[in-house]
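A short worksheet on the structure shown next.
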Amino acid sequence: MKQGVDFGYGIKSTLVQCLVLTTTYFLNVQQGIDVMMPTIIIGALESNTGDNSVPGITAEQISWIGSLVYLSPPIGSLFLSLVQVRLGHRACMALTNLIQLSAVLVVVLFPITVSTLYACSMLMGLSTGFATGLSISYSGEVCEPKLRGSLTSALNVFYFVGFFFVSTTYAITKSWKQSLIITVAVPLANMVTLSLTPDSPMWLLSRGKTDKARKVLMKLRGYVSEEKCATEFQEMVQYVSLSAKSEEAKQKTTSILCNYSHPGLASPLKLMLIYIFFSNVMSGVPYAPYLMHVFESFKTEAEPAWAMSAYPGFSIIGNVFTILLVHRLGKRCLVLSTITFCSMSYLLIGFIGQFYADAEYAPWAKLALFFGSTVSSSLGIMPIGWILMSEVFPMKSKNLGCSICSGVYFFLSFFMTKFYMDLERFIGFYNTFVLFGGVGLIGLVYFYFRLPETENKTLKEIAEQFKLEPV
């Protein structure tokens with residue numbers, strides 16, 4: 001890959017940036033907990049044993065407990081887009097922690113009823129909507145160009161850490177309520193790290209706090225001298241200034257739609273919305289809640305429960321390779337190669353399932369291809385999308401762009417999971433994999449011609465690239 005910007009800060013700068021991002025990693029651990037917790041609650045309610053039971057609860061009510069965690073994040077994302085510009089990242093992160101704590105307090109302070117579980121699921125979804133946009137925008141603004149891809153891709157690793165944490169806790173306690181209470185440790189620990197987390201230099205510049213922004217950048221780059229980070233700081237000043245001029249131009253018109261049709265937002269937003277659709281399909285979002293059913297349909301000798309527990313493990317492996325490879329190969333290469341592998345894996349699963357179902361090797365071949373696609377999607381198409389989201393939007397539209405994208409992601413996730421079983425009943429189990437593989441090949445063609453390379457480029461360079469290249 002062609003080398004881009006390297007300001008030569010050294011290992012001390014890398015360590016400081018990793019420490020500063022601790023807050024975002026805690027937020028992603030909590031995201032994994034929030035998304036997984038309704039699944040645990042549903043499983044516990046269906047077992048109907050001990051304090052896991054809620055008398056009189058219906059199957060329809062249980063389905064809403066699971067779906068509200070996907071429906072409410074767009075509300076959190078929308079609210080975040082309205083307040084983050086004024087309040088900054090630190091204040092919004094503190095608010096996110098309070099929402100996470102309130103989801104637990106609802107269960108602790110009130111009797112366990114269907115309404116209580118609705119409120120708990122919705123609050124967890126709201127905190128997820130907040131955490132998604134905050135993690136992406138903050139990591140994109142504080143990291144130097146050569147580290148942005150690797151450090152932002154680590155967000156997905158911590159998401160699955162949260163998944164493992166709450167799953168293991170429930171396996172030990174056998175009580176969803178106790179498990180939820182134990183997870184309070186995450187937002188409490190985050191409150192401590194947040195006290196040591198600065199606002200991003202770019203946000204400070206946008207609020208006219210130039211001297212403070214310079215001091216924060218010097219700290220983020222390993223407590224270097226003002227001269228050492230002068231070049232990068234000037235890039236940031238120009239980038240924020242360019243965004244401010246675009247904002248002034250938009251304010252001269254009375255059209256509300258102008259905010260969304262401005263070239264600085266419209267081009268990257270179009271790319272990201274299309275990316276989210278293909279990423280959801282390739283990373284298995286439609287069948288994620290039905291993994292036990294998927295593994296049972298493969299008819300392997302492996303226990304479906306074991307295969308279920310291995311799924312996030314393979315995802316973590318893919319995420320770790322993203323951290324190691326994204327700077328060397330670039331985001332474009334990872335996306336194109338992994339979407340190709342996932343598409344071919346899905347097509348082969350469908351082909352083997354329909355034409356070689358009775359072959360001795362068929363069950364294990366399908367399982368191997370499935371886990372191969374899991375590693376592949378977690379290596380490229382899934383995490384790269386969140387990294388791109390932190391890079392492609394101009395400064396004044398970053399919060400709005402990230403909020404729209406995260407909202408669309410959760411809406412698509414809701415509809416894809418809600419109607420997956422209907423799709424399977426209509427076209428057949430193995431035909432769904434053929435369909436997903438075909439969709440992936442369409443995405444491959446689109447990204448080959450339209451996906452730009454952003455690795456190791458400053459945010460100013462990326463903004464200029466989108467002005468020159470239509471998407």
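The values are calculated or read from the model by the stated rules, or taken from the named source; none is laboratory data. All values derive from a computational prediction rather than experimental measurement. Neighbour counts run over all protein chains shown; Cβ positions are idealised from the backbone, glycine included. Accessible surface is based on the protein model in full, side chains and every heavy atom, while ligands, DNA and RNA are left aside. Shrake-Rupley method; radii C 1.70, N 1.55, O 1.52, S 1.80 Å.
Values for this structure:
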item: Residue that is farthest from Cys92 (Cα to Cα) [pool: residues in the range 61-78 that are of a type in the set (Ser, Thr, Tyr) and in a helix (DSSP H, G or I)]; result: Ser63
item: Search result, residues across the range 197-217 that are outside any helix (DSSP H, G or I) and of a type in the set (Lys, Arg); result: Arg207, Lys209
item: Where Ile112 falls short, out of the listed (1) in a helix (DSSP H, G or I); (2) open to solvent by 10 Å² or more (accessible area, probe 1.4 Å); (3) in contact (Cβ under 8 Å) with a residue 12 or more places away in the chain; result: (1)
item: Residues (touching a Cys at 6+ places or on another chain (Cβ under 6 Å) and among the aliphatic types (A, V, I, L, M)) located in the range 338-393; result: Met389
item: Residue pairs meeting the criteria (Cβ under 7 Å; at least 6 apart or on separate chains; first part of a loop (DSSP other than H, G, I, E, B), in the range 282-304; second among the aromatic types (Phe, Trp, Tyr)); result: Pro286/Tyr420; Tyr287/Tyr420; Thr300/Trp364
item: Considering residues of the range 122-162 that are among the charged types (D, E, K, R) and at pLDDT 80 or above only, the residue nearest to the chain's Cα centre (by Cα); result: Glu141
item: Of the criteria (1) buried (at least 22 other Cβ atoms within 10 Å of the Cβ); (2) modelled with pLDDT of 95 or more, which one Lys366 fails; result: (2)
item: When residues of the range 179-196 are limited to those that are more than 21 Å from the chain's Cα centre (by Cα) and in a loop (DSSP other than H, G, I, E, B), the one nearest to Phe26 (Cα to Cα); result: Val184
item: Count of the range 205-243 residues which are under 17 Å from Glu464 (Cβ atoms) and surrounded by 15 or more Cβ atoms within 10 Å (Cβ to Cβ); result: 8
item: Residue satisfying all of: in the range 400-451; touching a Pro at 6+ places or on another chain (Cβ under 7 Å) and within 24 Å of Leu369 (Cα to Cα); most open to solvent (accessible area, probe 1.4 Å) among these; result: Met416
item: So Gln3, is it among the polar types (S, T, N, Q) and either open to solvent by less than 30 Å² (accessible area, probe 1.4 Å) or modelled with pLDDT of 80 or more (or both); result: no
item: Of residues in the range 147-179 being charged (D, E, K, R) and surrounded by fewer than 23 Cβ atoms within 10 Å (Cβ to Cβ), the one farthest from Gly318 (Cα to Cα); result: Lys177
item: Of residues in the range 306-333 being farther than 30 Å from Ile40 by Cβ and not hydrophobic (A, V, I, L, M, F, W, C), the one modelled with the lowest pLDDT; result: His327
